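Visitor: Please find one structure pasted underneath; my questions will follow.
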Amino acid sequence: MSLPDGPSSPVLIRRLRTLHWIFRPLEALEQRAQRYGETFTISKNISPLVVYFSNPQAIQQIFSTDPELFDTNSANDILLPLLGENSMILLGGAKHQRQRKLLMPPFHGDRLKTYAQVICQVTEQVISQWQIGKPFAVRAAMQEISLQVILNAVFGIHKSDRYQQLKQTLTSLLESLASPFSSIWLFFPSLQKDWGAWSPWGRFLRLKQQVNELLIAEIQSRRNENNPHRDDILSLLLAARDEVGQPMTDEELRDELITLLFAGHETTASALAWALYCIDSLPEVKEKLRAEIDSLPANSEPNALAKLNEVIARLPYLNAVCCETLRIYPIALNPFPRVTKVPMEIMGYKFEPGTLLLASTYLTHHREDIYPEPKQFKPERFLSRQFSPYEYLPFGGSDRRCIGAAFALFEMKLALATILSRCELKLATKHPIKPTRRGLTVAPPANMQMVVTALRDGNK
Ligand code: HEM
């Protein structure tokens, strides 16, 4: 079969299409799928060829192909200025696998329980800033929770001035990517020009430099501290040795830390904000969820919810609400592109080496044949059926699957349980909520507000 269908337009139209994709990513994807079907190229006359798939069979083939036949790291060059060349996301082969093996355990299994207290405490602290009747920006509040949680996991309990500075500078760095305008250089590298601190790229460079300096200072002081009792992720990375017994360099550590801070906080904050929005929009969902959370054993001891973390993580309806949130609004619209190193045939199409294959999470999650009434928020679908990893892929798949998936779901569940047991919330924004691009992810708009209408005295 020839190549998949897609537009073949002159440069100017292509540029306009790219802008549409940057500013209205969901609409752009849906329009293309409607016009060209479940497999399409982004443009027939650009090189390399970029192909989107939303048929689970195609996704299964992509995720099951030997990762050695893909050059995933080169496809992620877009992230190089942000993450640095030593980031796990930009590594390939044995180095990538080694970093994954090292970083998986702290984000899985019993280690999750050790983060329960900080998740609940930070959530309580954020809730305590909300006043009845006074609207607050939901995304910023959720970001406050996820940033403190990931900083804590990465650096351990830490109250130094440097930690505070890092928190502020990281927030500014991520805010500098928050709108399609300020992050436009991500998509048009020719705009990576330093026209001073007020230009998008200039501002980014200065903030990135500050974050780098703070991270290197922290790494060096932790090397000197040499405390064997710490069990945070930085300590783990400092103790790691490669196959010839060498430790990671400061630059390698810096890039891995920024990767975890970036990947682990933006995404979870947006997922939490979407969850609150979806729960608010359907009173029957809110009621069911609240009934489930209220059925937890009553306990007036401090940190009661954190102590119940294992029970909360297993609550079926809460789990279904989190899964459905990530189905309807997958934060990452697709996993990282897989670039073919050898000729490959998928769904009857033959691709040359160098083709970018994209499993479209968004389009797959909105297929009518897998998810009837796909635009409706229906947590019940996750109670009545199990979906395959090729039908449901908010965390990607294969050798690149998100290492923070279990951690993110655990954090979402504990933070939502804390919020719902402590207060009644209502959407305070009157205009329709449109999904908005934030760098490479899609989030609720920064101006989406909610208001506390009443306080509750559920488990603390
Ligand atoms: C709701 C929250 C999250 C979502 C939706 C999400 C989504 C994703 C996706 C789609 C990928 C690409 C997978 C692929 O290409 O197959 C990914 C990779 C990754 N995620 Fe997450 N993520 C989330 C939370 C986290 C957290 C909390 C962490 C940190 C602890 C994290 C760390 C990473 C890392 C390091 C990678 C790169 C893995 C690799 O290259 O091997 N993510 N994530």
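The values are calculated or read from the model by the stated rules, or taken from the named source; none is laboratory data. Values in this document were obtained by computation on a predicted structure and should not be read as measured data. Every residue, glycine among them, receives a Cβ derived from its backbone with ideal geometry; neighbour counts consider all protein chains shown.
Visitor: Out of everything in the stretch 42-59 that is under 13 Å from Pro337 (Cα atoms) and surrounded by fewer than 19 Cβ atoms within 10 Å (Cβ to Cβ), what residue ends up being farthest from the ligand (Cβ to nearest atom)?
Guide: My answer is Pro48.
Visitor: More than 24 Å from Arg401 (Cβ to Cβ) and either assigned to a helix (DSSP H, G or I) or in contact with a Cys (Cβ under 6 Å, 6 or more places away or on another chain) (or both) - does that describe any residue in the stretch 35-44?
Guide: yes
Visitor: If you scan the stretch 119-152, which residues turn out to be surrounded by 21 or more Cβ atoms within 10 Å (Cβ to Cβ), within 18 Å of Cys423 (Cα to Cα) and not hydrophobic (A, V, I, L, M, F, W, C)?
Guide: Across the stretch 119-152, the qualifying residues are Thr123, Arg139.
Visitor: Something else about it: Please go through the stretch 239-260 and give me each residue that is at pLDDT 90 or above and either closer than 30 Å to Pro445 by Cβ or surrounded by fewer than 18 Cβ atoms within 10 Å (Cβ to Cβ) (or both), ordered by number.
Guide: The answer is Thr249, Asp250, Glu251, Leu257, Ile258, Thr259, Leu260.
Visitor: Within the stretch 302-317, how many residues turn out to be part of a loop (DSSP other than H, G, I, E, B) and either in contact (Cβ under 8 Å) with a residue 60 or more places away in the chain or surrounded by 11 or more Cβ atoms within 10 Å (Cβ to Cβ) (or both)?
Guide: Here the count works out to 4.
Visitor: Which one is nearest to the ligand (Cβ to nearest atom) among residues in the stretch 318-335 that are surrounded by fewer than 20 Cβ atoms within 10 Å (Cβ to Cβ) and closer than 30 Å to Val50 by Cα?
Guide: Within the stretch 318-335, the match that is nearest to the ligand (Cβ to nearest atom) is Cys323.
Visitor: Right, next: Of everything in the stretch 229-278 that's part of a helix (DSSP H, G or I), of a type in the set (A, V, I, L, M) and away from the ligand (no atom under 15 Å from the Cβ), which residue is nearest to Val122 (Cα to Cα)?
Guide: Leu238
Visitor: Suppose we keep only residues that are free of Cβ contacts under 8 Å to residues at least 40 places away in the same chain and of a type in the set (Gly, Ala, Ser) within the stretch 62-108. Which one would you say is farthest from Leu186 (Cα to Cα)?
Guide: If we take residues in the stretch 62-108 being free of Cβ contacts under 8 Å to residues at least 40 places away in the same chain and of a type in the set (Gly, Ala, Ser), then Ala94 is farthest from Leu186 (Cα to Cα).
Visitor: Tell me whether the stretch 166-180 contains one or more residues that are of a type in the set (Val, Ile, Thr), closer than 19 Å to Val442 by Cα and in contact with a strand residue (DSSP E or B) (Cβ under 7 Å, 6 or more places away or on another chain).
Guide: no
Visitor: Given the conditions (1) part of a loop (DSSP other than H, G, I, E, B); (2) of a type in the set (D, E, K, R); (3) surrounded by fewer than 17 Cβ atoms within 10 Å (Cβ to Cβ), and given that Glu391 satisfies all but one, which numbered condition is not satisfied?
Guide: The number of the failed condition is (3).
Visitor: Further, regarding this structure: Looking at (1) more than 7 Å from the ligand (Cβ to nearest atom); (2) not in a helix (DSSP H, G or I); (3) not acidic (Asp, Glu), which is the only condition Gly396 fails?
Guide: Of the numbered conditions (1) more than 7 Å from the ligand (Cβ to nearest atom); (2) not in a helix (DSSP H, G or I); (3) not acidic (Asp, Glu), the odd one out for Gly396 is (1).
Visitor: Can Ile419 be described as buried (at least 19 other Cβ atoms within 10 Å of the Cβ) and not in a loop (DSSP other than H, G, I, E, B)?
Guide: In short, yes.
Visitor: Pick from the stretch 369-397 the residues that are modelled with pLDDT of 95 or more and among the hydroxyl-bearing types (Ser, Thr, Tyr): which of them is nearest to Ile59 (Cα to Cα)?
Guide: Tyr390
Visitor: Only one of Met347, Met448 is away from the ligand (no atom under 16 Å from the Cβ), more than 16 Å from Cys322 (Cα to Cα) and crowded, with 20+ Cβ neighbours inside 10 Å. Can you tell me which? Explain how you work it out, then say what you get.
Guide: Details: Met347 fails: crowded, with 20+ Cβ neighbours inside 10 Å.
Met448 is the lone residue from the list that is away from the ligand (no atom under 16 Å from the Cβ), more than 16 Å from Cys322 (Cα to Cα) and crowded, with 20+ Cβ neighbours inside 10 Å.
Visitor: Would you point out the residue of the stretch 367-379, among those that are among the charged types (D, E, K, R) and exposed (fewer than 13 other Cβ atoms within 10 Å of the Cβ), that is nearest to the ligand (Cβ to nearest atom)?
Guide: So the residue we want is Lys375.
Visitor: Right, here's the next one. Would you check which residues across the stretch 281-301 are aliphatic (A, V, I, L, M), surrounded by 17 or more Cβ atoms within 10 Å (Cβ to Cβ) and in a helix (DSSP H, G or I) and list them?
Guide: First, the residues of the stretch 281-301 that are aliphatic (A, V, I, L, M): 282, 285, 289, 291, 293, 296, 298.
Remaining after also requiring surrounded by 17 or more Cβ atoms within 10 Å (Cβ to Cβ): 285, 289, 293, 296.
Within the stretch 281-301, Val285, Leu289, Ile293 meet the criteria.
Visitor: From (1) in contact with a Phe, Trp or Tyr (Cβ under 9 Å, 6 or more places away or on another chain); (2) more than 7 Å from the ligand (Cβ to nearest atom); (3) in a helix (DSSP H, G or I); (4) not hydroxyl-bearing (Ser, Thr, Tyr), pick out the condition that doesn't hold for Ala408.
Guide: Ala408 satisfies all of (1) in contact with a Phe, Trp or Tyr (Cβ under 9 Å, 6 or more places away or on another chain); (2) more than 7 Å from the ligand (Cβ to nearest atom); (3) in a helix (DSSP H, G or I); (4) not hydroxyl-bearing (Ser, Thr, Tyr) except (2).
Visitor: Just a yes or no: is a residue in the stretch 453-460 surrounded by 22 or more Cβ atoms within 10 Å (Cβ to Cβ) and outside any helix (DSSP H, G or I)?
Guide: Looking for residues that are surrounded by 22 or more Cβ atoms within 10 Å (Cβ to Cβ) and outside any helix (DSSP H, G or I), one finds at least one in the stretch 453-460, hence yes.
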